[in-house]
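Presented below is the structure to which this report refers.
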Amino acid sequence: MQDYQSNRPVRQQPPGRFPNESDRTVERIRKRKKKQTQRRMVLCGAIAALAVIIVGIILLAKGCSGGTDALAGTWEFDGTTTYSFDGSGSGAMELPSISYDFTYTIDGNKLMIDYANESVRDSEYEFTVDGNTLTLIGGEGTVGGTYELKRSSKK
């Protein structure tokens with residue numbers, strides 16, 4: 001292509017170059033918006049990744065807490081009766097001549113005991129643990145009353 005006023009060839013604009021200032025400004029604005037969009041996407045991705053990491057740490061900490069609960073261990077009641085809790089939902093009430101296995105669940109401050117032997121009544125208690133003292137307050141399936149058990153050194 002040639003310029004009609006001279007015999008010199010017309011210089012073509014290299015790619016990415018613009019013949020006038022308004023085209024250049026439009027391209028700058030477009031690039032700026034594209035960068036802003038990319039920054040927003042990176043920021044949203046980083047926030048999402050951080051949330052996933054936090055949830056993972058919380059779940060890992062909860063899972064690595066040894067799987068025990070506040071009741072884990074052996075508790076003596078009246079010198080002859082002991083309750084053993086394994087910290088994972090199983091336990092036993094032990095008397096001098098017999099032992100009754102049970103499973104238990106904890107919901108907040110409620111303890112639900114389900115005895116394997118159907119001749120023993122399942123029971124619910126409200127409980128608190130203060131150091132080496134377990135206090136059980138009788139609820140459903142009990143005769144009521146408050147019972148204090150002491151943590152035993154034997155397991």
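Bear in mind these aren't lab numbers, they're just calculated from the coordinates by the rules spelled out. All values reported here derive from a predicted model rather than from experimental measurement. For neighbour counting, all protein chains shown are included, and Cβ atoms are generated from backbone atoms with ideal geometry for every residue, glycine included.
Points to keep in mind about this one:
- Lone unmet requirement of (1) over 14 Å from Asp69 (Cβ atoms); (2) free of Cβ contacts under 8 Å to residues at least 24 places away in the same chain for Ser152: (2)
- Residue check for Phe127: under 16 Å from Asp69 (Cβ atoms) and touching a residue at least 40 places away in the same chain (Cβ under 8 Å): yes
- Criterion violated by Ile113 - all others in (1) out of contact with any Phe, Trp or Tyr (no Cβ under 7 Å at 6 or more places or on another chain); (2) within 14 Å of Ser84 (Cα to Cα) satisfied: (1)
- Out of Thr25, Thr74, Thr37, sole residue that is without any contact (Cβ under 8 Å) to a residue 12 or more places away in the chain, surrounded by 11 or more Cβ atoms within 10 Å (Cβ to Cβ) and of a type in the set (S, T, N, Q): Thr25
- Residue within the range 93-113 that is part of a strand (DSSP E or B), without any contact (Cβ under 8 Å) to a residue 40 or more places away in the chain, within 28 Å of the chain's Cα centre (by Cα) and surrounded by fewer than 13 Cβ atoms within 10 Å (Cβ to Cβ) present: yes
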